[in-house]
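In what follows, a single structure is set out as structure tokens and then discussed.
Readers should treat all values here as calculations from the given coordinates under stated rules, not as data from a laboratory. This one's a predicted model, so the numbers in the text were calculated from it and none came from an experiment. Cβ atoms come from the backbone with ideal geometry, glycine included; neighbour counts cover every protein chain shown.
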């Protein structure tokens, strides 16, 4: 529970009573690798905060190809933002890649917390803004950078992910085939 409180404290300060109320509105779950937490077509009713382990969000296109949208490791949040905010069926799957301990915050409890602790609305607004900026940056990178440049940027920005996430998922994230990813990685590591 300390990690989530540290995460919140980076943006807003909670009193001990507010911390207790926040924690009372969450649930801790342990999941094994390969567990699907959310399926495309379902309504996302929960935000997930990763205490330990690694999760990924992805979709599957009509050609049965997976496209990884993001990862979440210790200290990160993940969810299907479109579905969570609109309460409409989403397009994302969320899968556990590495055994994980995850804190769940339901949309319903999040709304209660906004009323009870208004500064949490600021916290989640800033998280959403940061997510929007990161997704825009990723979109621009995909449009303007080569695969090698995207890989190098990923390695610099998230070095722990390279060690924890299977290559096929990293390849999907940067938009290349696993075979191309393997060749590119070998070439760049020789430099």
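Estimated from helices alone, the mean residue ellipticity of the chain at 222 nm is -15500 deg cm²/dmol (sum of -39500 (n - 2.57) over DSSP H runs with n ≥ 4, per residue). Size of segment 106-191: Rg and Dmax of its alpha carbons, in Å, are 17.8, 55.
Summary of the geometry: segment 8-43 and segment 61-123, compared by the centres of their Cα atoms, lie 9 Å apart. Helix 119-144 axis versus longest C-alpha principal axis of the chain: approximately 10°, rounded to the nearest ten.
A straight chain from residue 142 to residue 24 at 0.36 nm per residue would run longer than the Cα-Cα distance by 38.4 nm. In terms of surrounding Cβ atoms within a 10 Å radius of their Cβ, 135, 20 rank from fewest to most as 20, 135. Exposure proxy for 174, 112: other Cβ atoms within 10 Å of each Cβ, ordered fewest to most, give 112, 174. Across all directions, the shadow cast by the convex hull of segment 1-103 built on its C-alpha atoms averages 6.8 square nanometres.
In Å³ and rounded to a whole number, note down the convex hull volume per residue for the Cα atoms of segment 60-136.
Dividing the Cα hull volume of segment 60-136 by its residues yields 119 Å³.
With respect to the chain, whose longest principal axis is taken over its alpha-carbon atoms, helix 147-157 is tilted by about 40°.
Counting other Cβ atoms within 10 Å as a rough exposure proxy, the listed residues 46, 177, 35 run 177, 35, 46 from fewest neighbours to most. Does anyone have the angle between helix 107-116 and the longest principal axis of the chain? Alpha-carbon axes, 0 to 90°, nearest 10? Compared with the principal axis, the helix lies near 50 degrees.
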